[in-house]
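Contents: one structure, followed by commentary.
The values are calculated or read from the model by the stated rules, or taken from the named source; none is laboratory data. These numbers come from a predicted model, not from an experiment. Here the Cβ is made from the backbone with ideal geometry for all residues, glycine too, and neighbour counts use every protein chain on show. Side chains included, ligands, DNA and RNA excluded: accessible areas come from the protein's heavy atoms. Shrake-Rupley method; radii C 1.70, N 1.55, O 1.52, S 1.80 Å.
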Amino acid sequence: MPYTSELNELIKRVEATRPGRVEAKRRGEEFPLLTLKEREERLKKYHPDFKKGSRTEIRVGVNKGYSISPEIVHLLEAKSRVNPDVIDLNKIAYKTDILILGGGGAGTAAALTAQENGVKALIATKLRHGDANTMMAEGGIQGATKGTKDSPYYHYLDVLGGGHFKNVPELAYTLVTEAPKVLAWLENLGCMLTKLPEGQLKSLHGGGTCRKRMHYAADITGAEIMRTLRDEARNRAEDIKVLEFSPAVELILNEHGHCAGAVLYNLETEEYFIVKAKAVIMATGGSGRLHIQGFMTTNHYGATGDGLVMGYRAGVKLCFLHTVQYHPTGAVFPEQAEGLLITEKFRGAGANVLNIDGEQFVNEREPRDVESASFIRECDEVGKGILTPTGKLGIWLDSPMIDILMGEGAVKREFPGKFILFKRFGIDISKDPMLVYPTLHYQNGGLEYNSLCETSVPGFFAAGEVSGGVHGENRLMGNSLLDVTVFGRIAGVSASLYTKDKAKEGKLNLDHVRRYHKELEEAGIITDRVAPMLLPDYSNPKVRERQLTAHYVGTIR
Amino acid sequence: MEVEANKKEELVPIFIMGKRYEVPASLTIQKAMEYAGYQLIRGCGCRGGICGACGTVYRFPGSYKIEVGLACQTVVQPDMYLTQIPFFPATKSIYDIEKVKPAIETLVKNYPELLRCLQCNTCTKSCPMDIEVMDYIAAGMRGDITRLAELSFDCVMCGLCTSRCPAEICQYNIAILGRRLYGKYVAPRAEHLASMVREVEKGKYEQMLRQLMDTDEETLKNLYSAREIEPEQGDEYWTPKDKTYL
Ligand SMILES: Cc1cc2nc3c(=O)[nH]c(=O)nc-3n(C[C@H](O)[C@H](O)[C@H](O)COP(=O)(O)OP(=O)(O)OC[C@H]3O[C@@H](n4cnc5c(N)ncnc54)[C@H](O)[C@@H]3O)c2cc1C
Ligand code: SF4
Ligand code: SF4
Ligand code: FES
């Protein structure tokens, strides 16, 4: 749907202020950045994390008393999908050295290094291999690679500043020092990172960076990384097996308390089956599809926080889940594109953000949480948001500036994916601005782990978005693709080493699930909720009413 | 609000695998299927036009034309009759990226059927991403790895081209082989990256980083606030004033 005549009228105000703003940009004049203190105030007043009712205490498990989003607490305070007394753990369907849960970036990277360390890996994943948040990342991957102006020292400072200085230092250290190595690894695998003619990696700023260290592959960086890693895994199919449409629903421990496999669910035949392994890596990614506080999301269909639930039941602590990342620029128009991510790179390339009068109200390169809070303030408090035909509020993102600053055709060249997409909807984003609003984007926290990807349960490793600590309370753009490749690779190595000298054979059990159920009961939580969720529920309620003989377990039929 | 509610209710007929459903006119095919009562397992991944899970073909009554689209990106149109093709068997050659050459021999050895292309252009017409599929296949037949990589870059590997190719070619797997050959062997290497890796491995940043890790929050905040910011419009060769930590 092209812009309505009302919106076209409003666009004129944006056009009116554009020449002045472009001039200012050329002179290097920026809308002033907020000081650390101002940032803090803005967050406290306007960020959804601080809204009343945005947190609830968890009543059971190792983090009893920790307050996080109620949508996640609901899943933690739910029963297993399997009855430990009914399922037969002696019927083993698959045996492997390492079982990797999740075929996204972290899981696939782990499989590759595991294979290089001489062990067999089995990836069990919910949808197809690569149907994952990694595939969707657009903007880029950070890494200090240009020694004439940048170093891991500055990268570290940026990571901590973004994370409100709460990050686990050892994890942040690993992230920034491994970054150049991981980029070289990707280059060597044939990943088409965007380069200058002489071979230098092109790099841009991202929110909260002090040096331009956002490397990218046009505007589909994650897809390029994901499809390269997946292709490489398929080349090693002898040692890396993949089970698609087979999400994990529960971890299995053994008599020594070591993690020794998982219960998988075949989404198509609706069977549960057992995988026995010497070590398990959790790489199930994030939880945007929980639609926290009703926000729209950028995440893929399977991002339902399953790994948190399974890990928590097995006794692994959760951390940094009290903050949730909203991406400031999710599309709010046209309706079909709602929630879709408009990469931060648009702002990195110079596009201003503007209110209904075409005025700037915040620097476009504040960290994500501050930027989002500023949009919410401008819409809800200042009242200068732009009303869409479906009654939503939005902010202008002035993409045409990029063509003016970088030369005609720049938007089309640098953002081919978004350009084509909006074109199909009848909007030329090199001529007209886009309407955006914050959208649920990233699970800042997750399972607690260390820089070797070990968790508190022997034989159980975690990597990627499912884990927490490296980004502190807020992740910066480009540090997550980095996170999943860095820690995915480490998890593969650590788990391989573990299988060789620490893993102990033993009888399988689901006693932790029994204990957890008992704890729920003791806490007075009587519920028929089940978790993990596996898939969100987008069914039509009217259809559901007529499905007289259908039976839903949680959200799936 | 009233008007809006009415507007939302405007329903159009579509035919999902031949069966008629009435769905709101503003929905994508994907959301329309959910509205109709489907719970998607196959044919739905990113919901954002990049994973290629949701390739869909459709026609309109009275027209011979086969139309294609990604279900998550295509808005329903009245009377369209459609089916998703969530999976189509494909060939995938196994190769060792370390041992192959960026040349036509590699493409032909791994995918001999490449040379069977009839240049019928069906693949291009079946691509929901508007990629010049036949042209990248032609580039492959000429051994032009660069062109193959560039032309196929936006491929989401949905497989619609493959489902219709009379020469039984699996275009998208040839394309990714081409892109990886390009990325690894044809594109010039990033020298600055290699030298940074050497410096990190030599431990050049070790001490300064360890020092930062032990610094208290107040000092960190000051260091953070005092960072020199590279100007947005500065060029590749900008250097900071303070080079102590480079
Ligand atoms: C639209 C978008 C844009 C982004 N842009 C950027 C960017 O520019 N730069 C950046 O650094 N980061 C970006 N991110 C963030 C980044 O892409 C993700 O955080 C990261 O890729 C997560 O990788 P992962 O491997 O941990 O999880 P994923 O890639 O999500 O993989 C998890 C996999 O596990 C599977 N799974 C889930 N549950 C189960 C289960 N129960 N059993 C088995 N398998 C399961 C999923 O289906 C999926 O395949 C973006 C994210 C999104 C959504
Ligand atoms: S459909 Fe097959 S035969 Fe026809 S042009 Fe494409 S690759 Fe060649
Ligand atoms: S080239 Fe083929 S696989 Fe790739 S997007 Fe187009 S139709 Fe899909
Ligand atoms: S669901 Fe991924 S492309 Fe449509």
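Filtering region B:39-50 down to residues that are hydrophobic (A, V, I, L, M, F, W, C) and closer than 15 Å to A:H129 by Cα, which residue is nearest to ligand 2 (Cβ to nearest atom)?
B:I50
Screening region A:414-523 for helices (runs of 4 or more DSSP H) wholly inside it with 2 or more residues that are out of contact with any Asp or Glu (no Cβ under 7 Å at 6 or more places or on another chain) and closer than 30 Å to A:K12 by Cα returns the ranges A:416-424.
Figure legend. Inter-residue proximity from region A:230-246: first residues closer than 11 Å to A:H129 by Cβ and open to solvent by 40 Å² or more (accessible area, probe 1.4 Å), second residues charged (D, E, K, R) and more than 15 Å from ligand 1 (Cβ to nearest atom), beta-carbon distance below 8 Å, spacing 6+ or different chains. Indicated pairs: A:R234/B:K92; A:K241/A:K120.
I'd like the full set of residues that are open to solvent by 20 Å² or more (accessible area, probe 1.4 Å) and among the basic types (K, R), limited to region A:192-211. Scanning region A:192-211 gives A:K195, A:K202.
In the set (1) within 16 Å of ligand 3 (Cβ to nearest atom); (2) touching a His at 6+ places or on another chain (Cβ under 9 Å); (3) of a type outside the set (G, A, S), the condition left unmet by A:R128 is number (2).
The criterion of at least 2 residues that are facing chain B (nearest Cβ under 7 Å) and of a type in the set (S, T, Y) is met, among helices (runs of 4 or more DSSP H) falling completely within region A:112-228, by A:152-162, A:169-189. The residues on offer are B:A53, B:A103, B:A25, B:A36, and the sole one that is away from ligand 2 (no atom under 16 Å from the Cβ), more than 8 Å from chain A (Cβ to nearest Cβ) and at pLDDT 95 or above is B:A103. Considering A:D403, A:D380, the condition of being acidic (D, E), open to solvent by 10 Å² or more (accessible area, probe 1.4 Å) and farther than 20 Å from A:Y3 by Cβ is satisfied by A:D380 alone.
Scanning region B:33-63 for residues that are within 16 Å of ligand 1 (Cβ to nearest atom), among the aliphatic types (A, V, I, L, M) and within 26 Å of B:D154 (Cβ to Cβ) yields B:L40, B:I50, B:A53.
Screening A:Y153, A:Y173 for residues that are of a type in the set (S, T, Y) and more than 22 Å from the chain's Cα centre (by Cα) leaves exactly one candidate, A:Y153. The residues of region A:325-358 that are open to solvent by 10 Å² or more (accessible area, probe 1.4 Å), within 29 Å of B:I29 (Cβ to Cβ) and part of a loop (DSSP other than H, G, I, E, B), listed by number, are A:E338, A:L340.
If you go through region A:41-69 and pick out every residue that is surrounded by fewer than 18 Cβ atoms within 10 Å (Cβ to Cβ) and not in a loop (DSSP other than H, G, I, E, B), you end up with 7.
Within region B:187-215, the set of residues being out of contact with any strand residue (DSSP E or B) (no Cβ under 8 Å at 6 or more places or on another chain), facing another protein chain (nearest Cβ under 7 Å) and within 23 Å of A:M214 (Cβ to Cβ) comprises B:R189, B:E191, B:A194, B:S195, B:M196, B:V197, B:E199, B:V200, B:Y205, B:M208, B:L209, B:L212. Residues that are hydroxyl-bearing (S, T, Y) and away from ligand 4 (no atom under 16 Å from the Cβ) were ranked within region A:105-127; the one that is surrounded by the fewest Cβ atoms within 10 Å (Cβ to Cβ) is A:T113.
Could you list all residues from region B:216-246 that are assigned to a helix (DSSP H, G or I), acidic (D, E) and more than 7 Å from chain A (Cβ to nearest Cβ)? Scanning region B:216-246 gives a single hit, B:E218. Of the candidates B:I145, B:I131, B:I137, the single residue that is buried (at least 18 other Cβ atoms within 10 Å of the Cβ), assigned by TED's automatic domain parsing to the domain that holds B:Y182 and touching a Gly at 6+ places or on another chain (Cβ under 6 Å) is B:I145.
Of the residues making up region A:294-322, just one is over 13 Å from the mean Cα position of the chain (by Cα), part of a loop (DSSP other than H, G, I, E, B) and among the β-branched types (V, I, T), namely A:V316. Looking at region B:117-163, which of the residues that are assigned to a helix (DSSP H, G or I) and within 13 Å of chain A (Cβ to nearest Cβ) is nearest to ligand 3 (Cβ to nearest atom)? Of everything passing the filter in region B:117-163, B:S152 is nearest to ligand 3 (Cβ to nearest atom). Can you name the residue in region B:164-175 that is of a type outside the set (S, T, Y) and closer than 17 Å to B:P86 by Cβ and is also farthest from the other protein chains (Cβ to nearest Cβ) among such residues? Among residues in region B:164-175 that are of a type outside the set (S, T, Y) and closer than 17 Å to B:P86 by Cβ, the one farthest from the other protein chains (Cβ to nearest Cβ) is B:R164.
Look at B:M157 and say whether it is within 16 Å of ligand 1 (Cβ to nearest atom) and in contact (Cβ under 8 Å) with a residue 24 or more places away in the chain. So B:M157 passes the test.
Just checking, which of A:E473, A:E454 is in contact with a His (Cβ under 6 Å, 6 or more places away or on another chain) and either within 12 Å of ligand 1 (Cβ to nearest atom) or among the acidic types (D, E) (or both)?
Values: A:E454 fails: in contact with a His (Cβ under 6 Å, 6 or more places away or on another chain).
Unique residue meeting the criteria: A:E473.
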